[in-house]
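Okay, so here's the structure we're looking at.
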């Protein structure tokens, strides 16, 4: 049956994939930090001097057992919120996080009204 | 009535959007770390390049004012601001200058300071640059003026120019 | 001399636009069904002049005429011919000329391909399209003239950024511009439709092919841009949610929504008002995107050299466009008759639009928010990949689900049978996913769900293929949706299972990772025509499969202009790519090495191309019908 054939191909394709290397968490942090002297690159992608230094600092802090949030908070206290790519949820960024969902709800409401109107039209 | 209300909202929103874009065009302030002004510096410990003595934030508490200057022998703009550092060193007010040598080689620094005169009361080395992050540094040269309580009064990104030099003088009067 | 020809031709375009507007306005008053022949001729003349002006600039680049500022700033005699030509549109002024070309070309094509449609509608469309053309031509003449002269004539050009000398990057702008600027025609058509009250199904039929064409090119443009970023930029990613990338994605969401809604307008004669809104919104987003990119208001690795005066012009133009369309819209709108079966395809297309607009709004807010906050409160925040991933990814799941179920709805004979079939397929997807789970231990909750649903969609469509072999008109939808399902699937796996490492190494040292050993064999230096390269030879040993690969990333030092680029060494294979970049650490003999294993990269590109292919199929089918 088609489903079986698909399963077999799937299995063969997926098999070679492997598990993650150890320092994925480090890379994740690097990706969330902005290289301040580059034009729109993360510390993970940048080859600049600043990126090199910052990576060392992050490595030290991770080894000390600091959590991701602690590291981000520390860097934000030194460099401002601009250095992290995930904007923290606070009164400055509240709108940023809230608006998309608000629009989603609004859109849903509009569609609901349209469908109801359409039902009424059908009934008439 | 409902249509009029949404018309007003949409028009206002568009006017708002365009105004913000227009203002965004005019004000092009670059990123800086002026937000650090008013906060206390972090604790740090760095070895002096001359005798290995440890200089820390505690050391600086004895000074009325300390000017912390991040520099390196390989940094061209550092040479531009050097004359202001010398002037401050010769000033009769109680301001001490701490030079933090960033990612450099001892031999090169000593040559650099011999060549240009040494304005620093202390020179320490930050070999891997990690301490600079504690100070919110992202480029060289950068300078921080702190008071006796180790509070940051002024942060200068890039070489000190005449205007900033005069501002420093005003602060320490 | 070339400069004079070019400038003259630009003035011709301007004059012809004015003539076209005037003649069209006069002809509208004449109550017949035929458009005066002179208008066709003017339009053809306009197209000829525009294309000739573009070729004039190309000639300037080919013959290295450095008396033209644009050629001087962006070219060099030593550049290979292909890149000299591509240099024409690889800069602000030249790309603006390309914009105008597309505006004019589409204006003419729309005129001659709509013979069966209402005269007033066609003329109003022509008029407004020409207003757009005039706006851009004036901008070009006053601020960004590609034919400006420089005296004394320099002997050599400044050269083009070496990063831009790449085949993918050469074709990426033209592809994208046909998408971006192609939407201008249905912006004008929307206004034309409102003014002439030529609405409903007939309007849908008129704009549908243009929506499809712009959509195909936009999809291809974005895909090629991502492919270029992956192979050339050296960070191993292909999408960074960079503001400039987002500027190209916003119209894509709008066009996709429009493409679906236009079908509803055509088949059921409803949603006219919404289609108008989308038509207007799309080109407004394009112009806003170009404003963000060229004005210098954003900080990005992609921006053209910025200039606030450009920004001011584009902002004025954008404002005029928005206010004009809003005023006309509010004056001319009529209450829409919503007359469709709520359990039908139309509802699902509404749902598609709902999600598309949500994605659009999210990307829009993410892109604009830092600007707004900075202007209003002087606080700088960054909005990057984590924001977009967190907000968008969860909603991709219901979106894919609706994509699978939606098209089936009109053929539901028995609800019970359908429900059973759905459960069957969902079960199949879950089983497949169990294999993934078994092999890799746990992975993200959302990635899990996404893969299940993507698989569900894919299976659904494959079964659909069997059923629809006879129905040719289903092919485009199946191909595009299948492409989309595959895209989400492969990106999902790639995102979750990419292995990325970052470490410092000296020549002769080996780095041991979980599944690999990387030996830094040696460094060699080579001199090329216009750059010096530092090449690192690396031996990669795959410990699990006992397999050896050699990769040689480069650091290139260019002289004219002085730039440094990092060339990644990439081995693309069927099931994954090996990716290696090397950069030197100043004042140290260590090199920073980034090694990545990225599953299914090639399939990501293939899926994206498949999406575009569906659109192409649809256009071909339409042609056959006619």
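Bear in mind these aren't lab numbers, they're just calculated from the coordinates by the rules spelled out. The structure displayed is predicted, hence computed values, not measured ones. Neighbour counts run over all protein chains shown; Cβ positions are idealised from the backbone, glycine included.
Listing for the model above:
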item	result
Part-to-part distance (alpha-carbon centres) for the stretch C:553-599 and the stretch C:23-97, which is given in Å	39
Shape call, the stretch B:42-165: gyration tensor on alpha carbons, a/c limit 1.5	rounded
Averaged over C:235-241, number of beta-carbon atoms from partner chains that fall within 10 Å	3
Rounded FRET efficiency, nearest 0.05, which uses the C-beta distance separating residue C:307 from residue B:54 and R0 of 56 Å	0.65
Sorted by Cβ density within 10 Å, fewest first, the residues C:250, C:233	C:233, C:250
Nitroxide proxy distance, nm - points 7 Å out along Cα→Cβ at residue C:333 and residue B:153	6.0
Nearest-ten-degree value, helix B:2-26 long axis tilted from longest Cα axis of chain B	30
Shielding score for A:83-90, defined as the mean number of other chain Cβ atoms within 10 Å	5
For the stretch B:62-80 versus the stretch C:165-184, the gap between their alpha-carbon centres in whole angstrom	49
Residue C:522 paired with residue B:93, simple spin-label distance in nm, labels 7 Å along Cα-to-beta-carbon	6.1
Sequence of C:318, C:621 once ranked by neighbouring C-beta atoms within 10 Å, starting from the fewest	C:621, C:318
Rounded tilt (10° steps) of B:106-116 against the dominant C-alpha axis of chain B	90
Relative contact order (%) - criterion: Cα under 8 Å, at least six apart; region: chain C	11
Simple spin-label estimate for residue C:163 and residue C:78 in nanometres, 7 Å along Cα-Cβ	2.1
The stretch C:501-602: relative contact order as a whole-number percent, Cα under 8 Å and 6+ apart	22
Packing-based order for B:55-61, C:465-471, using average beta carbon neighbours within 10 Å, highest first	B:55-61, C:465-471
Shape call, the stretch A:22-87: gyration tensor on alpha carbons, a/c limit 1.5	oblate
The stretch B:85-144 and the stretch C:304-334: distance between their alpha carbon centers, rounded to Å	52
By average C-beta atoms within 10 angstrom, highest first, the peptides C:581-591, C:256-266	C:256-266, C:581-591
Sites residue C:390 and residue C:197 - FRET efficiency at Förster radius 41 Å, r taken between beta-carbons, to 0.05	0.35
Burial ordering of C:539, C:545, C:345, fewest other beta-carbon atoms within 10 Å first	C:545, C:539, C:345
Highest average packing first - B:98-111, C:183-196, C:479-492, Cβ atoms within 10 Å	C:183-196, C:479-492, B:98-111
Chain C, helix-only ellipticity at 222 nm - DSSP H runs n ≥ 4, -39,500 (n - 2.57), divided by all residues, nearest 500	-22500 deg cm²/dmol
Mean separation of Cα contacts under 8 Å (6+ apart) over length of the stretch B:1-105, as relative contact order %	21
Using alpha-carbon coordinates, inclination of helix B:76-89 to the longest axis of chain B, degrees	70
Fully extended contour minus Cα-Cα distance, from residue C:26 to residue C:239, at 0.36 nm per residue	71.7 nm
Rotationally averaged projected area of the protein assembly as shown (alpha carbon convex hull; nm²)	43.5
Shielding by partners, peptide B:27-35 (average Cβ within 10 angstrom, other chains)	5
Calculated FRET value between residue C:151 and residue C:11, using beta carbons and R₀ = 22 Å, to 0.05	0.55
